[in-house]
Ligand SMILES: [Zn+2]
């Protein structure tokens, strides 16, 4: 069952005040234990220990070890309050840990290091162009000048973490500064927490190395008085074990459901009928759902834009030569193609393979070729190398690229990535860490 922490605690019968001694639904850690060792997680709650707490809470007439009352869902055969109330990384990580800690890191750069001012950062955010790919619809929000937390919602905060280097990297005077190193580590943790697939063997590194060192570095940069550790930091320490238990946490966040709110808001705005809004919303939503599931529009495999017959003479140089060797009969060239909700545009990047974390094989989309039910991408193959000081991938463009054709259905990572130019160099900033492509499935 998905939900934010407060919702999950209400459903599970856990305490709803996160400032209390026992604030965690996953374990019985106390606030003092958490403050003295932020990366500590205790043995997970079991149904037996939970039931004991419910019993004691009933006898004492108050909460006991974070449990307020029993959970009706426990009477179901397959649902347990102790093991089925999953975390939401949108609320806990991006609107919690990232929002507070990155705001603190920025305040450290502004006030302590005096490397830039909030106005400069916000001016750059205002003028930053997220023209292509996954970042097109979500620009980072302006950063609040009080330094308390970031100004955006979860996805905007996620984008700010990813693109922070492109926004203000030139003002960072020392890449080994503890503040910058803390940011790099926060970004690395986000990439691991958001991975749609991960290696079980990465989890000990995350649990025993990355998270403890993050809290160590955090202590140096962010003072406990100004930026106190909060329960969401503790929930983050549970993520490695929760990833092993539930799989990729990105599939358990609540945002797809929250996005539905926009449908109802838009509906009320357009109909301006407030006599029985619940009924209006329910009926119109069902009608929309029926349309989406039965309309022919949604049965189309690909939706193309700006289409013309594909011909090698429309291109120049090596690409034209490559195309002249292909059979292009009945193929069309289009500028943009949509497959479901994913849009591909020429110039975007496809991730072809990941031999290691530090080296990616990528393809810059040069031609989008379609033919009835077939979709091929003709790409210029390149290598991208991870720069650990900048926390982004630099794309090698010096040598001539090799052209190759990739059928849509064979893409291992079907989400196109935007390419960013910074100081005349090309970069890539991933949303998540890729697993190596030549690994056995048993290890995933
Ligand atoms: Zn815990």
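The values are calculated or read from the model by the stated rules, or taken from the named source; none is laboratory data. No experiment lies behind these values; they were computed from the predicted model shown. Quick reminder, even Gly has a Cβ in these numbers, built from the backbone with ideal geometry, and neighbours come from all protein chains shown.
I need the strands (runs of 3 or more DSSP E) fully contained in the range 325-444, keeping only those with at least 3 residues that are under 23 Å from the mean Cα position of the chain (by Cα). Walk me through it before giving the result.
On the way: elements: 332-339, 342-345, 349-356, 359-371, 374-387, 392-395, 402-407, 413-417, 420-422, 425-428.
It comes to 342-345, 349-356, 359-371, 374-387, 392-395, 413-417, 420-422, 425-428.
Any idea which residue in the range 30-39 is nearest to the ligand (Cβ to nearest atom), counting only those that are in contact with a helix residue (DSSP H, G or I) (Cβ under 9 Å, 6 or more places away or on another chain) and farther than 15 Å from residue 239 by Cα? I'd like the intermediate steps shown before the answer.
Just the residues of the range 30-39 that are in contact with a helix residue (DSSP H, G or I) (Cβ under 9 Å, 6 or more places away or on another chain), to begin with: 31, 34, 37-39.
Among the residues that remain, those that are also farther than 15 Å from residue 239 by Cα are: 31, 34, 37.
Numbers: 31: 11, 34: 8, 37: 12 Å.
Looking at the filtered set, the residue picked out is 34.
Return the residue satisfying two criteria in turn: it lies in the range 6-23 and is touching a helix residue (DSSP H, G or I) at 6+ places or on another chain (Cβ under 6 Å) and within 13 Å of the ligand (Cβ to nearest atom), and of such residues it is nearest to residue 72 (Cα to Cα).
23
Inspect the range 198-217 for any residue being modelled with pLDDT of 95 or more, crowded, with 21+ Cβ neighbours inside 10 Å and away from the ligand (no atom under 16 Å from the Cβ) and give the result as yes or no.
Yes, the range 198-217 contains a residue that is modelled with pLDDT of 95 or more, crowded, with 21+ Cβ neighbours inside 10 Å and away from the ligand (no atom under 16 Å from the Cβ).
When you check residue 23 against the structure, is it part of a loop (DSSP other than H, G, I, E, B) and either surrounded by fewer than 20 Cβ atoms within 10 Å (Cβ to Cβ) or under 27 Å from the mean Cα position of the chain (by Cα) (or both), yes or no?
Answer is yes for this residue.
Within 16 Å of the ligand (Cβ to nearest atom) and within 30 Å of residue 29 (Cβ to Cβ): does that describe residue 240?
When the stated conditions are applied, residue 240 passes them.
Which members of the range 40-56 meet the condition of being near the ligand (Cβ under 9 Å from one of its atoms), assigned to a loop (DSSP other than H, G, I, E, B) and either closer than 17 Å to residue 84 by Cα or in contact (Cβ under 8 Å) with a residue 40 or more places away in the chain (or both)?
Matches in the range 40-56: 40, 41, 45.
Tell me, please, whether a residue that is touching a strand residue (DSSP E or B) at 6+ places or on another chain (Cβ under 8 Å) and more than 16 Å from the ligand (Cβ to nearest atom) can be found in the range 70-84.
No: the range 70-84 contains no residue that is touching a strand residue (DSSP E or B) at 6+ places or on another chain (Cβ under 8 Å) and more than 16 Å from the ligand (Cβ to nearest atom).
Determine, yes or no, whether residue 182 is under 30 Å from residue 128 (Cα atoms), in contact (Cβ under 8 Å) with a residue 12 or more places away in the chain and surrounded by 15 or more Cβ atoms within 10 Å (Cβ to Cβ). First the steps, then the outcome.
On the way: under 30 Å from residue 128 (Cα atoms): yes; in contact (Cβ under 8 Å) with a residue 12 or more places away in the chain: yes; surrounded by 15 or more Cβ atoms within 10 Å (Cβ to Cβ): yes.
Against the criterion (under 30 Å from residue 128 (Cα atoms), in contact (Cβ under 8 Å) with a residue 12 or more places away in the chain and surrounded by 15 or more Cβ atoms within 10 Å (Cβ to Cβ)), residue 182 qualifies.
When the residues of the range 316-330 are narrowed to those that are surrounded by fewer than 18 Cβ atoms within 10 Å (Cβ to Cβ) and in contact with a strand residue (DSSP E or B) (Cβ under 6 Å, 6 or more places away or on another chain), which ends up nearest to residue 388 (Cα to Cα)? Lay out the reasoning, then the answer.
Going through the range 316-330, the residues surrounded by fewer than 18 Cβ atoms within 10 Å (Cβ to Cβ) turn out to be 316-321, 324-330.
Now drop any that are not in contact with a strand residue (DSSP E or B) (Cβ under 6 Å, 6 or more places away or on another chain), which leaves 319, 330.
Numbers: 319: 33, 330: 46 Å.
Filtering first and then ranking leaves 319.
Please determine whether any residue of the range 391-398 is touching a helix residue (DSSP H, G or I) at 6+ places or on another chain (Cβ under 6 Å), more than 30 Å from residue 247 (Cβ to Cβ), buried (at least 19 other Cβ atoms within 10 Å of the Cβ) and touching a residue at least 60 places away in the same chain (Cβ under 8 Å).
No, there is no match, as no residue in the range 391-398 is touching a helix residue (DSSP H, G or I) at 6+ places or on another chain (Cβ under 6 Å), more than 30 Å from residue 247 (Cβ to Cβ), buried (at least 19 other Cβ atoms within 10 Å of the Cβ) and touching a residue at least 60 places away in the same chain (Cβ under 8 Å).
Quick test of your reading of the structure: residue 220 fulfils all but one of (1) under 22 Å from residue 24 (Cα atoms); (2) touching a residue at least 40 places away in the same chain (Cβ under 8 Å); (3) more than 16 Å from the ligand (Cβ to nearest atom); (4) surrounded by fewer than 20 Cβ atoms within 10 Å (Cβ to Cβ). Name the failing condition by number.
Going through the list (1) under 22 Å from residue 24 (Cα atoms); (2) touching a residue at least 40 places away in the same chain (Cβ under 8 Å); (3) more than 16 Å from the ligand (Cβ to nearest atom); (4) surrounded by fewer than 20 Cβ atoms within 10 Å (Cβ to Cβ), residue 220 breaks only (1).
Taking the condition of being farther than 12 Å from residue 89 by Cα and either more than 11 Å from the ligand (Cβ to nearest atom) or in contact with a helix residue (DSSP H, G or I) (Cβ under 7 Å, 6 or more places away or on another chain) (or both), how many residues in the range 225-236 meet it?
7
So is residue 107 farther than 30 Å from residue 162 by Cβ and either in a helix (DSSP H, G or I) or more than 14 Å from the ligand (Cβ to nearest atom) (or both) or not?
Numbers: farther than 30 Å from residue 162 by Cβ: no; either in a helix (DSSP H, G or I) or more than 14 Å from the ligand (Cβ to nearest atom) (or both): yes.
Criteria not met by residue 107.
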